1. In this structure, does Phe87 turn out to be open to solvent by less than 70 Å² (accessible area, probe 1.4 Å) and either modelled with pLDDT of 95 or more or more than 18 Å from the chain's Cα centre (by Cα) (or both)?
2. Looking at (1) surrounded by fewer than 20 Cβ atoms within 10 Å (Cβ to Cβ); (2) assigned to a helix (DSSP H, G or I), find the lone condition where Val127 falls short.
3. Mind counting the residues in the stretch 139-161 that are crowded, with 20+ Cβ neighbours inside 10 Å and either at pLDDT below 95 or over 22 Å from Ile186 (Cα atoms) (or both)?
4. Name the single residue, out of those in the stretch 93-117 being open to solvent by less than 60 Å² (accessible area, probe 1.4 Å), of a type outside the set (Phe, Trp, Tyr) and in a helix (DSSP H, G or I), that is nearest to Met172 (Cα to Cα).
5. What number of residues within the stretch 171-230 satisfy the criterion of being open to solvent by 10 Å² or more (accessible area, probe 1.4 Å), of a type in the set (Gly, Ala, Ser), closer than 19 Å to Lys136 by Cα and in contact (Cβ under 8 Å) with a residue 24 or more places away in the chain?
6. Given the conditions (1) in contact with a Lys or Arg (Cβ under 6 Å, 6 or more places away or on another chain); (2) more than 24 Å from Val84 (Cα to Cα), which single one is not true for Tyr184?
7. Let me confirm something: among Leu23, Leu9, which residue is open to solvent by 10 Å² or more (accessible area, probe 1.4 Å) and of a type outside the set (Val, Ile, Thr)?
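The values are calculated or read from the model by the stated rules, or taken from the named source; none is laboratory data. Source: prediction; values computed, not measured. Quick reminder, even Gly has a Cβ in these numbers, built from the backbone with ideal geometry, and neighbours come from all protein chains shown. Side chains included, ligands, DNA and RNA excluded: accessible areas come from the protein's heavy atoms. Shrake-Rupley method; radii C 1.70, N 1.55, O 1.52, S 1.80 Å.
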Amino acid sequence: MSFKNKTVLITGASRGIGKAIGLRLAREGANIVIASKSVEENPKLGGTIYSAAAEMETAGGKALAVQCDIRFEDQVQNVVEQAVEKFGGIDILINNASAINLTTTELTEPKRFDLMYDINVRGTFMVSRACIPYLKKGTNSHILNLSPPINMDMKWFANHLAYTISKYDMTMIALGLSAELKKYNIAANTLWPCTTIATAAVNNLLGGQMLMNMSRTTDIIADAAWHILSKPSIECTGNCFMYEDVLAKEGITDLDKYSAVPGAQLDKDLFV
């Protein structure tokens, strides 16, 4: 499928995985709508919606940067309306924005719980809701949530219950939408990494430089997303994809080029 002039709305696209997917699709000529909060650069995180937009356009696509905190309905509606006004519609939605807090129940403050649920669950649901009327008008429309397969091994609940259930809710949203929207030929799937990915979140919150060195680059997620979004929406829906499986089905099994440090031992991601 050609992505030329297709409009892709990506939440949390100013950096990391969201930006990598945007750049991959921009190289195919897509219009990328960057729906993120960052308008001033944080040295620990890097990037803003404007710097990301510039990179998308350099890569070969068109870009629209809109400051958007997906916890707030008016901001969600604004980014959708701006996307439609500029590009004429929305063909693909990537629900990438997430909040993470890996604490036990006693140590999870109400504000941290609310943040994860407001972004991971409510935000994902409401952005999807706002985009559906336009996805219905598109051709080969896709929704892709960056969330894991639902793994009921109790170890994923024991140490960070609030985060786990919020990410599993993102997956249930995708699965539910795949059933609800199938009659409109709108696909809804999830994608999750088999290994940790070298992002600011991994560096700042999870394991520092040591874990960064044991991770793969964001390009592997972007390439896997490209393959998923290239599939016919009527056939490819209701799946919880892992990037290795996606790439293997395309005949890509040598993944060495995606290692942040060539030859380094890799660390498995959460829920794997």
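1. Yes.
2. All conditions are met except number (1).
3. Result for the stretch 139-161: 2.
4. Among those residues, the one meeting the criterion is Met116.
5. The number of residues fulfilling the criteria is 3.
6. It is condition (2) that Tyr184 fails.
7. Among Leu23, Leu9, only Leu23 is open to solvent by 10 Å² or more (accessible area, probe 1.4 Å) and of a type outside the set (Val, Ile, Thr).
A quick yes/no check of all residues on (1) in contact with a Leu (Cβ under 9 Å, 6 or more places away or on another chain); (2) β-branched (Val, Ile, Thr); (3) closer than 19 Å to Leu135 by Cβ; (4) modelled with pLDDT of 95 or more:
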| site | (1), (2), (3), (4) |
| --- | --- |
| Ser2 | no, no, yes, no |
| Ile10 | yes, yes, yes, yes |
| Gly22 | no, no, yes, yes |
| Ala26 | no, no, no, yes |
| Glu41 | no, no, no, no |
| Gly47 | no, no, no, no |
| Ala53 | yes, no, no, yes |
| Ala63 | no, no, no, yes |
| Arg71 | yes, no, no, yes |
